[in-house]
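*Asks:* One structure, pasted below without further comment.
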Amino acid sequence: MPFPINSVRACYPALTDGYAYLDGAAGTQTPRSVIDAISDAYRSGIGNVGGAFPASHRSDAIVAACRAAVADLVGGDPGGVILGPNMTTLTYRLARAIAGPGDEVVVSRLDHDANVRPWTQTGATVRWADVDPVTGELPVEQYADLIGERTRVVAVTSASNILGTRPDVPAIAELARRAGALMYVDGVHATAHGPVDMRALGADFYATSAYKWSGPHIGAVVADPALLETLRPDKLASSPDTVPQRFETGTAAFADLEGVTAAVDHLASMVPGVGSRRERLLGSMTAAEEHELELFAVLLTGLETMPHVTVYGKPARRTATAYFAVAGHTPRQVAEHLAGLRVNVWNGHNYAWELTAALGIRDSGGAVRAGLVHYNDRSDVDRLLEGVEALRSSG
Ligand SMILES: Cc1ncc(COP(=O)(O)O)c(C=O)c1O
């Protein structure tokens, strides 16, 4: 069955404004159901959690439902879903609880800086996995030398936020497991682009952010509750010491958490399906991935055949994310030109700090990123290609 792109797009009020939203890798638009869920939560009255009155009970239920929804999305345990403002904040918190001086941490130059700096700043000894700058691949073989008996954690992304590269995480996880090291997988970019099974990936921790998959600005890290029981994060003396609550500082954004659940329900229902929400998510996200990759083939071929365009990386397995330069124009100029044509793309290093350095373009303004998510259609791709084509020989 073809992906029902028109009915999916009709769920998103913002998509009617005439812009081609190819900036999903920096944050997606939200469907009406998410917007309504957030405002309904406020409208119905919410309190802080753990109180004796109904508005507080509603917040208790919102938090529990959100943990269940995120667990369904990534194939995890609801009791191990840590919720917070964003992935970066949660990763800093967990990194401090997991690693420190005397440990070794393995980080990669493919990763967004949010899965690098929190580890390198723990005081642990840092070992770096390198990227092939031509293909954009993260060779697995190097991990056999990088991981040793002192390795506490291997931090690696499930997909690059600029090149789209999907490294062989299960193979890296197997090496980590044999050495007794933990796997911290950054799924912030990957989660939006296909079905996720954190256990199949070999992830002890799987980080994601709802604003990349049609939800509000909320982050989550999912782990086995038994593993979380072994960790002691910094926390207030007065706050709960239970798992996963002891990893969550301060008062949560309860209404937004209701929006996260609505976003998961939206993803599960993009294509008609039966069975549990988890089963419907797998079906729906598989169909969305096929839709994205089909469109992306057009986008990538279009860019690669333009003589004035350089596309970075050529990974074998990837998300629908392209990173490119246009001769004679800075990345910012390209983004401004496209914005004038109502095409949204991102320019710069996009926090892929090590990767853009490895590509030799970090200090010159990075490049242009155009990415597809499930709600993009052929006209978005055509408008991008026409806009980039128009820059030929106008440099
Ligand atoms: C791959 C990847 N990891 C981590 C992050 C950081 O996520 P957050 O904004 O939730 O801190 C991003 C954000 O762009 C990302 O793309």
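The values are calculated or read from the model by the stated rules, or taken from the named source; none is laboratory data. The shown structure was predicted, so the numbers you read here are calculated from the model rather than taken from an experiment. We place every Cβ from the backbone using ideal geometry, glycine too, and count neighbours over all the protein chains shown. Ligands, DNA and RNA are stripped out before the accessible areas are found, and what is left, the full protein with its side chains, is counted by its heavy atoms. Shrake-Rupley method; radii C 1.70, N 1.55, O 1.52, S 1.80 Å.
*Asks:* By how many nm would the segment from Glu149 to Glu290 lengthen if fully extended, with 0.36 nm per residue of separation less the alpha-carbon distance?
*Replies:* On the way: separation 141, 0.36 × 141 = 50.76 nm, distance 4.02 nm.
Length gained between Glu149 and Glu290: 46.7 nm.
*Asks:* Shape of the chain from its Cα gyration tensor (a ≥ b ≥ c, root eigenvalues): rounded if a/c is under 1.5, otherwise prolate when a/b > b/c, or oblate? Show your work: numbers first, answer last.
*Replies:* Working: a/c = 1.86, a/b = 1.18, b/c = 1.57.
Oblate.
*Asks:* At Ala297 and Arg342, where each label point lies 7 Å from the Cα along Cα→Cβ, what is the point-to-point distance in nanometres?
*Replies:* 3.0 nm
*Asks:* Turning to a different aspect of this structure: Could you tell me the calculated FRET efficiency between Phe53 and Arg178, based on Cβ-Cβ distance and R0 = 45 angstrom, to the nearest 0.05?
*Replies:* On the way: r = 52 Å, r/R0 = 1.15.
Efficiency, from the Cβ-Cβ distance: 0.30.
*Asks:* Leaving out ligands and nucleic acids, and using a 1.4 Å probe, what accessible area per residue does the chain come to in Å²?
*Replies:* 40 Å²
*Asks:* Separate question: Trp353 accessible area, nearest 10 Å², 1.4 Å probe?
*Replies:* Accessible area of Trp353: about 90 Å².
*Asks:* Right, another one. Quick one: grab the alpha carbon gyration tensor of region 100-193, order the square roots of its eigenvalues as a ≥ b ≥ c, and give me rounded if a/c is under 1.5, else prolate or oblate depending on whether a/b is larger than b/c. The partial results should precede the final answer.
*Replies:* Numbers: a/c = 1.69, a/b = 1.43, b/c = 1.18.
In terms of gyration-tensor shape, prolate.
*Asks:* Compute the distance in nm between two label points, each set 7 Å from the Cα along the Cα-to-Cβ direction, one at Ser269 and one at Arg199.
*Replies:* 2.7 nm
*Asks:* Let me ask something else about it. Ranked from the most accessible area to the least, with a 1.4 Å probe and all protein chains present, what is the order of Ser269, Ser108?
*Replies:* Numbers: Ser269 70, Ser108 0 Å².
Descending order: Ser269, Ser108.
*Asks:* Give the residues of region 1-16 whose amide nitrogen is closer than 17 Å to a point set 7 Å from the Cα of Arg43 in the direction of its Cβ.
*Replies:* From region 1-16, the list is 13.
*Asks:* If you average the C-alpha positions of region 291-334 and of region 233-283 separately, how far apart do those two centres end up, in angstrom?
*Replies:* 34 Å
*Asks:* Here's a follow-up. When the accessible area of region 34-268 is split by element with a 1.4 Å probe, what percent falls to carbon and sulfur?
*Replies:* Details: 4550 of 8630 Å².
Carbon and sulfur atoms account for 53 percent of the accessible area of region 34-268.
*Asks:* Where both partners of a DSSP beta bridge lie in the chain, what percent of those bridges are antiparallel, to the nearest 5?
*Replies:* On the way: 20 of 39 bridges.
Counting DSSP beta bridges with both partners in the chain, the antiparallel share is about 50 percent.
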